[in-house]
Amino acid sequence: MRADQRELRAASSRLAVQFALIIVALFAVLGGVVYVVVSTGQNEAAHRALQDASMIDSVHDAPRNLLITVVMPDGGRDSSPHLPSGLPDEKALQDVIQNGGSRLETVDAGGQSYLTQTDVRRGKVVQVSYGLREQQEELNRLLVALVISGIIATVAAAGIGLLLARRSMRPMSEALALQRRFVADAGHELRTPLTLLSTRAQLLRRRLASGDASVSEVDVRDGLDEIVDDSRALTEIVEDLLTAADPRQSAEAEGVDIGALAAVVARSAEGRAHDRGIAISTDAVEDAVVTGAPVSLRRLIVALVDNALDHAVAQVGIAVTASRDEVVLTVSDDGPGFADEERAFDRFASTRAASAAIGGGHERHYGLGLALVAEVVDRHGGTVTAAGAAGGGAEVVVRLPRAHA
């Protein structure tokens with residue numbers, strides 16, 4: 001289970017990372033387009049400013065954002081005050097003075113860039129420079145804003161992607177958990193009936209193969225009837241497991257006498273109990289009727305009795321009592337008791353101390369029996385508790401609503 005959850009979480013994380021990378025790529029493209037558009041607009045604004053200054057040939061007529069140098073025909077010159085180091089562009093001036101025409105270039109002066117145009121106007125060589133510092137600062141602010149927005153968008157995209165991925169993975173996770181749960185439940189529930197069916201078939205085959213004349217046709221028919229009954233019980237268990245696994249289905253409810261059902265289960269378990277030297281006692285009141293699915297309730301009692309037999313030393317007790325509003329089923333044993341009563345009904349939790357089986361070995365416990373009991377009880381609107389028995393050992397108490405006529 002935990003491995004599946006880790007795989008699903010890893011898949012969700014991968015999807016979230018991929019979603020975040022896609023958002024980052026789209027944001028980078030969008031940011032690049034915005035940066036290019038703004039930069040192009042600024043360049044056009046700078047060229048437009050120089051174009052608007054085409055008629056200016058005097059430093060006294062120039063706006064504050066323009067720096068002008070005018071070279072007179074007699075070689076004298078007039079420049080805007082406080083020109084930065086690097087302006088005017090002497091190379092451009094000399095080229096226009098000697099060759100005429102016009103030159104447009106970007107000049108670095110005083111730690112910033114200037115778009116500079118040099119041409120001849122009414123016999124004077126005029127050089128107009130437009131500072132690009134504000135435009136560059138604006139581009140830098142835009143770049144910082146894009147980077148910060150990109151980081152925020154990446155984090156938000158990763159978070160939203162992880163949330164959406166986990167939400168989309170949830171049905172798959174639930175389906176996988178339901179599948180594994182059904183397989184585990186089926187393996188646990190079918191183990192005992194299949195063992196019983198196999199044992200009866202082997203006994204019948206051995207008796208027929210022995211050639212014993214005492215084996216009559218009635219004995220063979222009875223043996224076959226028992227095998228058919230066991231096969232029918234297997235089919236009912238599978239159908240009940242399928243019903244329990246599919247929330248869209250529900251088994252038909254009917255009145256079930258828990259006392260009578262407990263007696264039937266006890267009789268069917270006597271063979272196993274006898275092989276292990278364990279005595280089963282049953283004490284049930286009459287008319288202990290509840291409303292529910294007979295197969296599910298039988299599974300409940302079988303699981304409790306099997307669990308008790310797995311851990312009992314010499315005695316298993318089944319008691320059924322009834323009050324006005326509820327039926328109480330108690331299954332007790334004289335085994336080692338519960339190591340952790342609070343986790344007794346958790347799946348795959350083995351809360352019993354190890355108990356010796358026949359032959360001095362140890363039986364393998366999967367921690368599913370009481371978990372299945374809890375699920376059946378919950379489906380029937382009851383409660384179940386596990387505790388130590390008064391004289392030692394353990395007992396499980398199931399309380400179910402009593403059916404009234």
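The values are calculated or read from the model by the stated rules, or taken from the named source; none is laboratory data. These figures come from a predicted structure and were not determined experimentally. Positions of Cβ are backbone-derived with ideal geometry, glycine not excepted, and every protein chain shown enters the neighbour counts. Heads up: the accessible areas ignore ligands, DNA and RNA and are worked out on the full protein's heavy atoms, side chains in. Shrake-Rupley method; radii C 1.70, N 1.55, O 1.52, S 1.80 Å.
For the residue pair Gln136 and Leu208, what label-to-label distance in nm results when each label sits 7 Å from Cα along the Cα-to-beta-carbon direction?
Those two pseudo-labels are separated by 10.1 nm.
Can you give me the accessible area per residue for the range 1-120, using a 1.4 Å probe, in Å²?
Values: 7440 Å² over 120 residues.
So the range 1-120 comes to 62 Å² accessible per residue, rounded to a whole number.
Once you have the Cα-Cα distance between Asp346 and Asp287, take 0.36 nm times their residue separation minus that, and quote the gain in nm to one decimal.
Values: separation 59, 0.36 × 59 = 21.24 nm, distance 3.19 nm.
Taking Asp346 through Asp287 to full extension adds about 18.1 nm, to one decimal.
Taking 41 Å as R0, compute the FRET efficiency from the Cβ-Cβ separation of Val155 and Glu90 and round it to 0.05.
On the way: r = 53 Å, r/R0 = 1.28.
The value I calculate is 0.20.
Ignoring ligands, DNA and RNA, what percent of the accessible area of the range 1-146 is carbon or sulfur (1.4 Å)? Could you put the intermediate results ahead of the total?
Values: 4970 of 8910 Å².
C and S fraction of accessible area: 56 percent.
For the range 1-160, take the alpha-carbon Rg, divide it by the Kirkwood Rh, and send me Rg/Rh. Please list the in-between numbers first.
Working: Rg = 25.6 Å, Rh = 19.3 Å.
With Rh from the inverse mean 1/r over Cα pairs, Rg/Rh is 1.33.
Could you give the dipole magnitude of the range 267-309 about its Cα centre, charging the beta-carbon of Lys and Arg +1 and that of Asp and Glu -1, in debye to the nearest 20? Let's see the in-between values first.
Details: 5 positive and 6 negative charges, 48 e Å.
I would put it at about 240 debye.
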